[in-house]
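Inspection log for the structure reproduced underneath, given as structure tokens.
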Amino acid sequence: MNVLGIETSCDETAAAVVQNGTQILSNIIASQVDIHSRYGGIVPEVASRQHLLTMIPIIEDAMSQAQARWSDLDAIAVTNGPGLAGSLLVGVNMAKAIAMAQGLPIIGINHLEAHIYANWLEGRAPDFPVVCLIVSGGHTDLVLMRGHGDYQLLGRTRDDAAGEAFDKVARILGLGYPGGPAIEQAAVDGNGTTHHLPRAWLKGTDDFSFSGLKTAVLRLVQENDDISVANVAASFQESVVDVLVSKTMDAARRLGARQVLLCGGVASNRLLRQTMAQRSPIPILIPSPILCTDNAAMTASCGYFRLKAGETSGWDLDVEPNLRLA
Amino acid sequence: MLINTVSESPEETQQVGMQLGKLSQPGEVFLLVGGLGVGKTCLTQGIAWGLGIEGYAASPSFVLINQYRGRLPLYHIDLYRLDSIEEVTEVGLDDYLYGNGVCVVEWAEKAWAVLPRENLTVEMSFFSDTSRSITLKPNGKRYVEMISQLSITQRAKEGKRWSLP
């Protein structure tokens, strides 16, 4: 079964063709990061206009790279939330138009669920139950997955998402946007034990909080004129990773998970990947960096498993900017 | 007329927000002013609770606008990433700002010129490591009435003030 995936929830315009939910035939991503970097982040109106410009060429690329004709497709999967309303609308309406013209079924996909399915594209089927940590610029969600489509939200951030904390601290340190790669790069020459920055454990819950850490970094920088940016970046990264890994391990142990899945843009951070691998007594699955950031192959994969379970969406499929996983 | 208080904890800041949320009417605009870490999102969490919205209103910095359904719709707007009035107008906020919901705008100082003249301006700053100064400045009759109904102890304590960039 060949599924065309379409993803426009944020600032990446992406289309992909995936066979049987696991085999990537094509995976095309047009990033708007250069356009948005002058704003230090994403601007919704700019994003949706850019999606409109790039959507059709990206789909054509995905089809030709997969050497697929319309008649080779069995369904279309499209992200319908969560994300920016204007951006989501471009993808959803495009998907509807193609589906209607080609007589194909359509299925709306939760972007967070799609991130989890990036793991199926790595040639391995996770062993349920799994604990998933979804970390990106807009999300920090810890989820228990008992089977396909069976989720329990364990916790999420109460203030800043982990990726957002990276962006804000990068701005405090004058490192530019996007903050994740910038901090990671600056931290290479730093010592992460120089400053012991706070960790918000929020004991008794699986929730996260990164706002206090951001404030602590701000104060540290303000009070010390000639501070080493590399050491602050490394210490900040150390603190975020410590909290993410410890809380994920706690949940996995408590709930008897067989595996831990890591996904979302921040999952491409090397320290997070290494630390999770070192501290986990159970196997951890992390997609390769290209599948961690927003892409449509994960959308198509997730769509395949939903369709296999007998689900489809109607023509009234709408965007849901605040869609939650469970 | 203005109210000046000192919040000794995030919970106290949320309490102030909760009172504002409870008193809110359709079309309310709260403009929050103050640097990183002074508790703007924290105050907004309280406003959301006051409107009967469950959970934590997380920071909208990444997406610029979060919407919630409560007793009234809440539009939580964050101009943190924007650097000029042109960028703010490009985002297209008027439908929210002049609608029937409650608008909370973080980093309002970046866009005074395009924000409603009638508003409750909330200035927040560091008072000490753990406490924050909160000043409520009503602009317009309805907001003067609103803050006259608040039960907040006015505390303009002497203390170390942190300078922000």
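Suppose we filter the range B:60-92 for residues that are crowded, with 18+ Cβ neighbours inside 10 Å, more than 15 Å from the chain's Cα centre (by Cα) and outside any strand (DSSP E or B); how many remain?
9
For the range A:158-182, what are the residues that are part of a loop (DSSP other than H, G, I, E, B) and within 7 Å of another protein chain (Cβ to nearest Cβ)?
Matches in the range A:158-182: A:158, A:159, A:160, A:161.
With (1) open to solvent by 20 Å² or more (accessible area, probe 1.4 Å); (2) part of a helix (DSSP H, G or I); (3) modelled with pLDDT of 95 or more as the list, and residue A:95 as the residue in question, which single condition is left unmet?
Single failed check for residue A:95: (1).
Inspect all residues belonging to the range A:201-208 and state whether any of them is modelled with pLDDT of 95 or more, touching a strand residue (DSSP E or B) at 6+ places or on another chain (Cβ under 9 Å), within 11 Å of chain B (Cβ to nearest Cβ) and buried (at least 24 other Cβ atoms within 10 Å of the Cβ).
Yes, the conditions are met somewhere in the range A:201-208.
Using the structure shown, decide if residue B:120 is buried (at least 21 other Cβ atoms within 10 Å of the Cβ), in contact (Cβ under 8 Å) with a residue 24 or more places away in the chain and more than 15 Å from the chain's Cα centre (by Cα).
When the stated conditions are applied, residue B:120 does not pass them.
For residue A:167, state whether it is at negative phi and without any contact (Cβ under 8 Å) to a residue 24 or more places away in the chain.
The answer is no for residue A:167.
I'd like the residue in the range A:128-153 that is surrounded by fewer than 23 Cβ atoms within 10 Å (Cβ to Cβ) and part of a strand (DSSP E or B) and, out of all such residues, is farthest from the other protein chains (Cβ to nearest Cβ).
Among those residues, the one meeting the criterion is A:147.
Residues being hydrophobic (A, V, I, L, M, F, W, C) and surrounded by fewer than 23 Cβ atoms within 10 Å (Cβ to Cβ): count how many of those fall in the range A:258-271.
Number satisfying all stated conditions: 1.
Considering each of B:48, B:57 in turn, give the residue that is within 19 Å of residue B:97 (Cα to Cα), without any contact (Cβ under 8 Å) to a residue 40 or more places away in the chain and either facing another protein chain (nearest Cβ under 10 Å) or open to solvent by 20 Å² or more (accessible area, probe 1.4 Å) (or both).
After ruling out the rest, the residue left standing is B:57.
The values are calculated or read from the model by the stated rules, or taken from the named source; none is laboratory data. These numbers were taken from a predicted model, which means no experiment stands behind them. Note that each Cβ is placed from the backbone with ideal geometry, even for glycine, and that neighbours are counted across all protein chains shown. What goes into the accessible areas is simple: the full protein's heavy atoms, side chains included, and nothing from ligands, DNA or RNA. Shrake-Rupley method; radii C 1.70, N 1.55, O 1.52, S 1.80 Å.
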